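The values are calculated or read from the model by the stated rules, or taken from the named source; none is laboratory data. A quick note: this is a predicted structure, and the numbers were derived from the prediction, not measured. Methodologically, a virtual Cβ is constructed for each residue, glycine included, from the backbone with ideal geometry; neighbour enumeration extends over all protein chains shown. Accessible surface is based on the protein model in full, side chains and every heavy atom, while ligands, DNA and RNA are left aside. Shrake-Rupley method; radii C 1.70, N 1.55, O 1.52, S 1.80 Å.
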Amino acid sequence: MAHIRLALRMLARDWRAGELKLLALALIVAVTSVASVTFFADRVRQALTRDAHQLLGADLLLTADHPLDPGFAREAQARGLSTAASVRLISMSRQAGAAHIAGVKAVTEGYPLRGKLRIAPALNVPDQEAAGVPPPGQVWVDERLANAIGAEVGTSLELGNARLQVAAILTLEPDRGVTFFNIAPRLLMNVADLPQTGLIQVGSRVTYALLVAGDRAAMEAYERWAKTRLDRGEGVEGLDNARPEIRAGLDRAQQFLGLTALLAVILAAVAVGLATRRFTRRHLNNYAVMRCLGASQRQLFGLFAWEFVALGAIAAVLGCALGFGVQLVLAQGLTEFVGVPLPQPSWLPAAQGMLLVFALLLGFALPPLMRLKRVPALRVLRRELGGPEESQVVSYGAAIAVLAGLILWQAGSFKLGAYVLAGFTGAGLAFAAVSYGALRLAASAGSLGGVAWRYGLANLRRRARQSTVQILALALGLTAILLLTVTRGDLLETWRARTPAGAPNRFILNIQPDQRAPLAAFFREHGLPPMADYPMVRGRLMAINAVEVSAENYSEARTRRLVEREFNLSYMDELPAHNRVSAGRWFSPSDRESGAVSVEEGIARTLGIQLGDRLTWMVGGQQFTAPVTNLRHLDWDSMRVNFFVIATPPLLERAPTSYITSFHLSGPQGAVMNQLTQAFPNLTVVDMSVVLRQALAMMDRVVEAVQLVFLFALAAGLLVLYAALLATEDERVREAALMRALGASRKQVAAAQCVEFIAIGLAAGALSAAGASGIGALIADRVLQLDYTVNPWLWLLGPALGGACVAVNALAGARAALSQPPIAALRETE
């Protein structure tokens, strides 16, 4: 206990002296960034586990893109289980001349089996649990749809060919997802009214669902039975995979936030290492004196170890407290993905924060502290003895291992973690090699200038290793700052500017063959752009080169879902103007006779399709097989109609076909859409400008949350800059005192240090500009699929920022050395 009390007294003394503030700040920033993300992820995970059955609306959900076999419901009922059904699709709703897209859900009695529907008798009044589902002839609409078309309770609206009464405002439905169609406002209706609407036409994208609930054992047995009878396009969602789209979205958000926090941890680790190294150097003499007074190496190492343990515990508590506060802000912006209140987080994230602190201390603070054990008592008389060795590859092997473990842990995926680790390792090695070479080259040019110039560059050569470490740390910190400011802004602006002006902002779906001519006439009469419609046929990929296509053949979740669904195919003779053949050739006359298909290059890469492969498709109950004669590159940013697969006309022109078109509608022409939906009630008009605004709004909320975590990375980057500049402050003060003692003027001392610092700053700034440009281009190409242009200002801002940072430090260091007599400076330094 005496050792612990003494260690706490040393901690208080070193804190008052300012020796540990930088180290403590680095630890707090690291813990806060990680704890905020883990607290938030823990709350989401608990919510999904707690409310899994409510998120489904049942204990088990069978879904399909076609009507399910009635045998599934009969078998469930025979086992004593409860059932209900739903049909989901997208359509237009109209009221008093106003029209708006709506996500329609038609349900049977008994829906939902788990959870409750909640409705209100009017807008902006308290809601209550619903006693059932809308009776035939009535609908419930959510607040957004009611406001969009002015549908008050008691009025009626048109849905397809049917007119239905608005009976209530829908405030809560338990199983609402976050897919594209569910972005639209919700309309809930009775399934008995669905036939009279005429909404389900050839080419309509409809999702059918069977909800099942009951005794757990019976449910498990039924689930095993159902899985053995699933056909293509059918799936099962249970309590273990409830709301996969939510889990996928939150996993991506958590992964992005986690990697951002990881950047803060990496930078904080560098700051911890630099701060501890400086702390060790400044305590070598004190350690030697204590050795002379009879303290053993073990006792002294124990004192410093307890001091750092106490510091780590305090930093962990403060960091976890700050992280808990930050996650409240994160949860406020992102819980709409879940749609249910989040429970309070568990203690596990706090434990992870504690482990993180001691992992950083073990990996990055312990190696410098271990050097204290080699300081002899004779150092009291001979200061050159027992100094920290510059080469500590073995001792820092623990730091490297800890950093690798932190990266893999925070990334949540070994593949992603290994990718990030390899990237940082490569960048670090490249930065170190380039900076070391630049220092040697700069030192060789020292003979070209005056005394200050020669002395400053000679110092770079003499302290090449220390200067390389400084440049590396500065470059990492500056890279983080540039990424979080200039490069991030460039990426967001590039993403926002992808859609060209005048691009189509309306899509019309479900156009039937006999409606093409009347619809084209409507366009002409109302001054709309000439209608360019494309045939659309629903088909399912069955085999590639006679090998059956199955979700089990693919590992990625997105690809598995892709092969299970039906594709929207098209057929045409001419290549669309906004498509480009990237491999192979467009259809030749012989291809049109024998049959061939064209595949988008991205989907081909995902499914492993190559030129010459023979694809087997099921369309309208009939199969056909055709070779792939070309791959196409699509301009998705054009917002025009695009298809993953295009076939020669003879293959598909006899299949059930609907048509789709897109066009640009200016603001003053918006009322025309109401007339169009009244004239053609079965058509679905998708206002992409609204969808894009909603997507941008959602992205902005995510970006705001990520920016909050970015602040920790930014703070860690600034700490690295400060720690790197302080790393050799004591040595420079001593050298300045020696120069003055040997007759150098104050001006010469300041000029020599400025030359050295500016060289380091310019080198670090140039490396950071290269790093930010490279990482930005990599993110744009591999993650965002953007054509990114490197901002030339990076190459000016990087060196300027680096030069400014070190110039300030150089002036501060020179002032510290010049503010007192040389003899006093020499006595205060080792």
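Could you report the accessible area of residue 525 in Å², rounded to 10, computed with a 1.4 Å probe on the protein chains as they sit in the structure? Estimated to the nearest 10 Å², residue 525 gives 140 Å².
When a/c is below 1.5 the answer is rounded, else prolate if a/b is larger than b/c, else oblate, so apply that to the range 530-663 with a ≥ b ≥ c taken from the square roots of the Cα gyration tensor eigenvalues. Let's see the in-between values first.
On the way: a/c = 1.35, a/b = 1.25, b/c = 1.08.
Taking the square roots of the gyration eigenvalues as a ≥ b ≥ c, the range 530-663 is rounded.
Each other residue within a Cβ distance under 13 Å of residue 523 adds +1 if Lys or Arg and -1 if Asp or Glu, for a net charge of +1.
Taking all protein chains together, 625, 197 sort by accessible area into 625, 197, largest first [probe 1.4 Å]. Label sites at residue 96 and residue 671, each approximated as a point 7 angstrom past Cα along Cα to Cβ, lie 1.6 nm apart.
Between residue 520 and residue 147, the simple label model (points 7 Å from Cα in the Cβ direction) yields a spacing of 4.1 nm. Note on residue 28: accessible area approximately 30 square angstrom, rounded to 10, probe 1.4 Å, nucleic acids and ligands left out.
Label sites at residue 653 and residue 503, each approximated as a point 7 angstrom past Cα along Cα to Cβ, lie 3.3 nm apart.
Order the following by accessible area, largest value first: 566, 152. Probe radius 1.4 Å; ligands, DNA and RNA are ignored. Provide the component values of the computation, followed by the final result.
On the way: 566 40, 152 125 Å².
Order by accessible area, largest first: 152, 566.
Using 1/(1 + (r/R0)^6) with R0 = 30 angstrom and r between the beta carbons of residue 328 and residue 351, what's the FRET efficiency to the nearest 0.05? Each step should come with its number before you reach the end.
Working: r = 20 Å, r/R0 = 0.65.
So, using R0 = 30 Å, E works out to roughly 0.95.
A full extension of the chain between residue 532 and residue 69 corresponds to an added length of 162.9 nm, given 0.36 nm per residue minus the alpha carbon distance.
Taking a ≥ b ≥ c as the square roots of the Cα gyration tensor eigenvalues, with a/c under 1.5 meaning rounded and otherwise prolate when a/b beats b/c, else oblate, which class fits the range 496-606? Taking the square roots of the gyration eigenvalues as a ≥ b ≥ c, the range 496-606 is prolate. Each 5 Å bin from 0 upward holds the following percent of the Cα-Cα pairs of the range 56-242: 1, 8, 17, 20, 19, 15, 10, 6, 3, 1, 0. Computed with a 1.4 Å probe over protein heavy atoms only, the accessible area of residue 639 comes to about 30 Å².
Once you have the Cα-Cα distance between residue 122 and residue 594, take 0.36 nm times their residue separation minus that, and quote the gain in nm to one decimal.
Values: separation 472, 0.36 × 472 = 169.92 nm, distance 6.12 nm.
So the extension gain works out to 163.8 nm.
Solvent-accessible surface of protein heavy atoms, probed at 1.4 angstrom with all chains present, puts 144, 114, 540, 163 in the order 163, 144, 114, 540, largest first. Whole-Hz Karplus values for the range 506-521 come out as 9, 10, 10, 10, 6, 6, 7, x, 7, 9, 5, 5, x, 5, 5, 5 Hz, taken residue by residue from phi with 6.51 cos²θ - 1.76 cosθ + 1.60 and θ = phi - 60°; glycine and proline positions read x.
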